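Report on the following structure.
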Amino acid sequence: MIKVIVAQFKNSYKQWGGVLALLSISAVMIGFCFNGSVSVFSLSKQTFLNAHNPLPIFILPLVFGGITLIIISSGVIKLAIVSLQKEYVLWSLLGTSPLQLTLLIGGQLFLIGSVSGIIGYILSLPLGNFLYSVLQKIVGKSWLPSIPMNPSLIASFITILLTAMLAFVCGFIHANSIFKEVGILRGKEKHSHDIGFIVKILIIIGCLFLLFKNYTALSFASKGIQAIIAKGQVLHAASFYVANLLSIALLLMILFGLTAKEILPFLIYALFITPFGHKVTGPKIAGRMLIYQKHYLGSLIVPFIITSILLTDTLFMTLGIPGNNGAQNSSGTLVTFIVYVAAPLIIVLANIFSMMLMVTNKERQMNHQLRILGTNTTQLVATVFYKALICGIVTVIWGALFNSILYLALYKISLLVRSPAKLNIWSILYFPVASSILSFSFILMIGCYSITKSHHLRE
């Protein structure tokens with residue numbers, strides 16, 4: 001089996017290029033976090049008597065970045081598997097069982113994850129030291145004391161193993177869903193897929209329960225917090241509820257990641273296909289193309305919406321909390337941004353880069369086929385424009401919807417501490433609009449570049 005995995009990997013390594021890029025950049029973050037954590041644990045407690053312990057700087061980005069990576073990497077890995085699905089159908093026709101195919105995909109991804117982990121950890125050593133020194137100069141040594149971040153065998157082993165296992169598990173899970181779509185799963189294998197669907201439903205129910213529990217916690221204040229409010233320490237009282245605000249954001253991210261494949265096509269169909277009836281229009285054609293390419297659709301939009309949720313949540317925690325004057329602790333605000341947002345943003349940017357590597361070739365082939373059918377350049381550009389516009393509008397709608405749930409939590413906190421929030425309701429649109437513009441520009445850029453390439457290919 002190992003020989004088959006290696007041989008298949010050599011035959012299709014170009015299709016895995018986007019996954020390698022995403023996992024390598026993610027491994028830089030993982031290596032930095034684990035290397036820093038090991039360095040902190042190796043120091044005595046006296047080192048941090050007159051300074052903050054920097055351990056959260058390394059632990060929390062790993063948590064939030066890890067959740068983001070699991071959600072986003074799923075889309076990239078799905079695209080890679082879909083691009084190779086014809087080969088897997090052929091393997092199936094030759095007698096290969098779905099389990100063997102799943103192990104074949106998982107094995108290739110384990111190889112890619114291992115290589116990515118090695119590359120990422122090597123790069124994390126110089127980049128991590130440079131980043132830490134820059135942050136130390138900005139926020140001061142009281143926030144980030146000097147620590148020796150030397151290479152660690154334990155950190156390198158964990159980085160490589162974690163990256164490889166993440167890739168293997170994502171490939172193993174998503175292979176079954178894609179095999180069902182192309183008709184490879186049969187009999188008992190379909191029942192195993194149904195079990196996976198049940199597990200997904202249970203996770204969604206669990207997230208909804210935790211979401212309800214966090215909102216319930218924002219419905220009353222304990223006697224200790226009431227005493228703090230009575231003393232006029234509004235910011236101190238509100239800080240007890242920051243964890244709930246953060247938990248709600250994480251739960252929304254997970255819920256959207258699990259349901260995006262179902263809710264995004266439904267919204268596109270409702271807004272851009274049904275209203276036009278039987279008329280053949282540009283938005284209707286573009287909408288149907290996006291629904292047909294549902295893996296492509298989710299991989300494009302999900303990262304931008306998750307980014308808007310994360311940035312809005314950070315905005316609420318740093319500038320929207322009642323009692324915060326917005327400028328009283330710039331160092332604390334910067335550290336909060338680094339801890340909660342920096343790692344997920346790096347992963348989102350890595351995802352965009354990976355998508356450019358993977359999508360451009362697929363779009364070029366599709367545009368070439370449309371040209372053969374008689375579609376001219378103007379029609380292709382119009383279709384790409386409508387696809388980008390639809391994705392931008394969907395990004396605004398879902399981003400604003402999830403951010404309104406966050407704002408409701410912020411509003412409940414302001415009622416508890418008897419002080420108005422520092423941001424108004426329009427703040428829920430800041431980052432969805434920005435993400436919408438970015439997604440529109442990104443999709444339009446890839447589409448136009450692919451049209452140009454397909455034109456040269458035709459010539």
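The values are calculated or read from the model by the stated rules, or taken from the named source; none is laboratory data. As the structure is a prediction and not an experimental result, all values here were calculated from the model. Here the Cβ positions follow ideal geometry from the backbone for every residue, glycine too, while neighbour counts run over all protein chains shown. Areas reflect the complete protein model, heavy atoms only, side chains present, ligands, DNA and RNA absent. Shrake-Rupley method; radii C 1.70, N 1.55, O 1.52, S 1.80 Å.
Suppose the chain between LEU319 and ILE437 were pulled fully straight at 0.36 nm per residue; how much longer would it get relative to their current alpha carbon spacing?
40.1 nm
Given a 1.4 angstrom probe, I'd like the percentage of the accessible area of the stretch 32-129 that is carbon and sulfur, rounded to a whole number. Mind dumping the intermediate values first?
Working: 3060 of 4230 Å².
The value for the stretch 32-129 is 72 percent carbon and sulfur by accessible area.
Over the stretch 379-422, give the accessible area per residue in Å² for a 1.4 Å probe, as an integer.
Details: 1770 Å² over 44 residues.
Value for the stretch 379-422: 40 Å² per residue.
In the structure shown, the pairs LYS284/LYS412; LYS137/LYS412; LYS86/LYS200; LYS78/LYS387; LYS78/LYS137 are assessed against 31 Å; a Cα-Cα span above that value is assigned to LYS284/LYS412; LYS137/LYS412; LYS78/LYS137. On a full-extension model of 0.36 nm per residue, what is the gain between LEU235 and LYS10, subtracting their alpha-carbon distance, rounded to one decimal in nm? Computed gain between LEU235 and LYS10 is 75.2 nm.
With coordinates expressed along the principal axes, the C-alpha atoms belonging to the stretch 8-158 extend over 67, 26, 22 Å, beginning with the largest.
Our estimate of slack between ILE263 and ARG418, defined as 0.36 nm per intervening residue step minus the Cα-Cα distance, is 52.1 nm.
Expressed as a whole percent, the accessible surface of the stretch 214-307 that belongs to carbon and sulfur atoms is 68, based on a 1.4 Å probe. With the simple model of a label 7 Å out from the Cα in the direction of the Cβ, LEU93 to LEU208 spans 4.2 nm. Treating r as the C-beta distance of THR378 and LYS86 and R0 as 41 Å, the FRET efficiency rounds to 0.85.
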